[in-house]
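The values are calculated or read from the model by the stated rules, or taken from the named source; none is laboratory data. As the structure is a computational prediction, the values presented were derived from the model and not from experiment. Note that each Cβ is placed from the backbone with ideal geometry, even for glycine, and that neighbours are counted across all protein chains shown. Heavy atoms of the whole protein, side chains included, go into the accessibility calculation; ligands, DNA and RNA do not. Shrake-Rupley method; radii C 1.70, N 1.55, O 1.52, S 1.80 Å.
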Amino acid sequence: MKEKIIAIIGGGNLGTAIAEGLMISGEVVPSQLIVTRRRSELLHGLELKGVKTGSDNLEAVSRGDIILIAVKPYQVMEILKSIKPLLDESRIVISLVAGVDLNELGTVIGNNVPLFRAMPNTAIALQESMTLISTNVKDEQQRKLVVDLFNKMGKTAIIPDELMAAATVLAACGIAYALRYIRAAMQGGVEIGFGAELSQFITAQTVMGAARLVMESGNHPEKEIDKVTTPRGITITGLNEMENKGFSASLIQGLLASYKKVEKLENPG
Ligand SMILES: NC(=O)c1ccc[n+]([C@@H]2O[C@H](COP(=O)([O-])OP(=O)(O)OC[C@H]3O[C@@H](n4cnc5c(N)ncnc54)[C@H](OP(=O)(O)O)[C@@H]3O)[C@@H](O)[C@H]2O)c1
């Protein structure tokens with residue numbers, strides 16, 4: 001990775017978070033990064049850190065070994081068409097754009113270009129992203145390069161492209177769902193006596209602990225729940241009341257509603 005130049009086309013929220021995340025990882029130095037956007041003056045913060053910034057996509061692509069596309073879905077096709085003359089089997093293209101599949105992207109840039117899609121979430125800025133990756137590339141070295149890139153900013157999994165819509169919901173929207181749990185629990189914490197700040201701190205650390213228990217043990221959540229629920233106890237009373245009010249059902253229904261919407265965007269017909 002040390003000698004690769006990474007060009008990020010679209011230095012908005014996600015593009016700059018990735019540039020920051022890569023630099024914080026310590027394995028990518030600022031001089032390996034080029035970031036573009038039309039209003040390049042808004043990239044001044046990155047420039048001060050030693051990143052090359054500008055608005056010339058063709059120049060960025062001509063210097064890049066790995067090209068990350070982080071623009072809005074309605075902008076991606078036009079940009080791909082404009083950079084297509086510079087793309088060949090030597091440059092890896094990674095689209096971060098939600099709702100545009102590998103087939104659609106491939107028809108614009110051609111099938112000889114190594115093409116990946118990646119769906120990170122906003123925790124990428126803290127190296128805690130869950131990033132789902134899809135590709136038709138068979139070359140193990142190229143696959144490893146892309147997985148290694150995103151492993152610097154969290155955890156990754158390679159999935160079939162058909163599951164990218166589901167990945168958008170579970171991982172990218174999932175951050176918002178988890179934050180809603182945190183908000184609700186901290187409000188409950190205020191009701192039972194904590195100040196808002198302390199309630200937020202207690203809730204967030206508790207959620208992080210719960211996530212680590214599942215990640216590190218590999219246990220089903222219910223197995224960890226069994227450890228805190230004593231017969232006739234306090235926890236089971238609360239849990240059953242939450243389920244009575246539709247906790248799990250409403251979460252699953254919400255997820256399905258988001259999924260239906262993202263599917264509609266991907267297949268408008
Ligand atoms: N945010 C997330 O959590 C997340 C997660 C996964 C995937 N995504 C995907 O990532 C993409 C970007 O999302 P975002 O939230 O970062 O959006 P954003 O903040 O609006 O960033 C898009 C950037 O693209 C730039 N841009 C537009 N036209 C350009 C051009 N011709 N050449 C170079 N840059 C251009 C825009 O800057 P100018 O207007 O100055 O050109 C803007 O900074 C979306 O497709 C989204 O689906 C986002």
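The lysines within cross-link reach of residue 138, meaning a Cα-to-Cα straight distance under 25 Å and a gap of 8 or more places when in the same chain, are 2, 4, 81, 84, 152, 155. Only alpha carbons enter this Debye calculation for the chain, each as an equal point scatterer, and the log10 of I(q)/I(0) it gives at q = 0.07, 0.13 Å⁻¹ is -0.31, -0.92. The distance from the alpha carbon centre of region 112-138 to that of region 154-179 is 10 Å, rounded to a whole number.
Taken about its Cα centre, region 110-269 carries a charge dipole of about 140 debye when Lys and Arg each add +1 at the Cβ and Asp and Glu each add -1 at the Cβ. Of all the Cα-Cα pairs you can form in region 45-106, what percent are over 15 Å apart? Of the Cα pairs, 54 percent sit more than 15 Å apart. For the chain, the carbon plus sulfur part of the accessible surface works out to 58%, probe radius 1.4 Å.
The alpha carbons of region 1-101 give a radius of gyration and a Dmax of 12.5, 35 Å, in that order. Other residues whose C-beta falls under 14 angstrom from the C-beta of residue 235 contribute a net charge of -3, scoring Lys and Arg +1 and Asp and Glu -1. Only Cα pairs under 8 Å and 6+ residues apart enter the sum, and on that basis the relative contact order of region 1-111 stands at 27 percent.
Considering region 79-137 at the alpha-carbon level, its Rg and Dmax are found to be 12.5, 35 Å. For the pair residue 240 and residue 142, the difference between a 0.36 nm per residue extended length and the Cα-Cα distance amounts to 30.4 nm.
Taking each DSSP H run with n ≥ 4 as -39500 (n - 2.57) and averaging over every residue of the chain yields -16000 deg cm²/dmol at 222 nm.
Expressed as an acute angle from 0 to 90° and rounded to the nearest 10, what is the orientation of the C-alpha long axis of helix 174-191 relative to the principal long axis of the chain? Tilt relative to the chain: about 30 degrees. Taking amide hydrogens as placed 1.01 Å from N in the peptide plane, the amide H of residue 156 sits under 5 Å from those of 131, each at least 5 positions away in sequence or on another chain. Legend: P(r) of region 172-222 from all alpha carbon pair distances, 5 Å bins from 0, whole percents, reading 5, 21, 22, 22, 18, 9, 4. Taking every alpha-carbon pair under 8 Å whose residues sit at least 6 apart, the chain reaches a relative contact order of 13 percent. Evaluated on region 96-223, the Kirkwood hydrodynamic radius is 16.8 Å, with distances taken between all distinct Cα atoms. Roughly how many Å is it from the Cα centre of region 236-268 to that of region 18-47, as a whole number? Spelled out, the Cα-based centre of one part sits 37 Å from the other. Looking at the chain, the accessible area is 58 square angstrom per residue; that uses a 1.4 Å probe and ignores ligands, DNA and RNA.
Between the Cα long axis of helix 140-151 and the first principal axis of the chain there is an angle of about 50°, rounded to the nearest 10.
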